[in-house]
Amino acid sequence: MASEDVIHQIHGLFESAILSVFAALGCPIRRILEPPRELKGVPLASMDAGSRDLEIMLFIGLPLTVLALSYPVKSEDIFAVDESHLEDWILEIANQVMGRLKNALLRAGSDLQMALPSFYAEQRLSEVLPPGYDHAIFYFELDGEVFECCLSISVIHPDLVLNLNAAGEDGASHEGELELF
C-alpha cells in the first residue's frame, strides 16, 4: 500500500476520533473547510505516538471559549473556569483524541506507543510543526468558535498496510470497555 493511501486512511480515523471525543463531551462540532480568520494566541497541545512503521504527532489549538464550553464541570458563567484547569483540560483532550486514534490503529494492525502531551501557551501551530512530516490541518466549529487540529504523519515503513476492515470487527473492544485477560 502506498504511503499516501495509509496517510489518507489515518486522516479519516483522526477526524472520527476528534468528532467522537467532542460528541462524548456533549459538544456537537462540525468540520469546516477554511477558518474565517487565522487563529492566533490560542492554547495549543501536542502529543506524539509511534511504532517501527509510523510516527504521528497531533496538535490541537482550542480558544479558551471552546475549552470552557467543553469543560466537564459546567458553570453558569463559562468564563469562571480557572485557566490552569483549562490548561490541564486541553492536554486531556489531546490525550483522549490520541487514545482513540491509537485504539483504531491497533484494531487496524498498527501498535503505537504514546508519549505525554505538551502545552504551548503563545505559539502558533506553524511554529511547532515538525519538519519532514506530512501535515494535514482540520478546522472545526463549536457554538460559533473555530478551532484547529493538525495531524503530522511520517510513514517509516513504506510497505505499511492498515486493515481498516478489522477496526470494526465485533471481537474488538470498544471505547471505555475493560478487557480482562
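The values are calculated or read from the model by the stated rules, or taken from the named source; none is laboratory data. Only a predicted model underlies this, so the values are computations on that prediction, with no experimental measurement involved. Here the Cβ positions follow ideal geometry from the backbone for every residue, glycine too, while neighbour counts run over all protein chains shown.
One table, with the values for the structure above:
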{"read-out": "So V81, is it in contact with a helix residue (DSSP H, G or I) (Cβ under 9 Å, 6 or more places away or on another chain), surrounded by fewer than 16 Cβ atoms within 10 Å (Cβ to Cβ) and at pLDDT below 85", "value": "no"}
{"read-out": "Residues being crowded, with 19+ Cβ neighbours inside 10 Å and in contact with a Ser or Thr (Cβ under 7 Å, 6 or more places away or on another chain) - total across the range 113-141", "value": "1"}
{"read-out": "Residues located in the range 31-54, provided they are under 14 Å from the mean Cα position of the chain (by Cα) and acidic (D, E)", "value": "D48"}
{"read-out": "Considering residues of the range 94-150 that are part of a loop (DSSP other than H, G, I, E, B), under 12 Å from M47 (Cβ atoms) and aliphatic (A, V, I, L, M) only, the residue modelled with the lowest pLDDT", "value": "L112"}
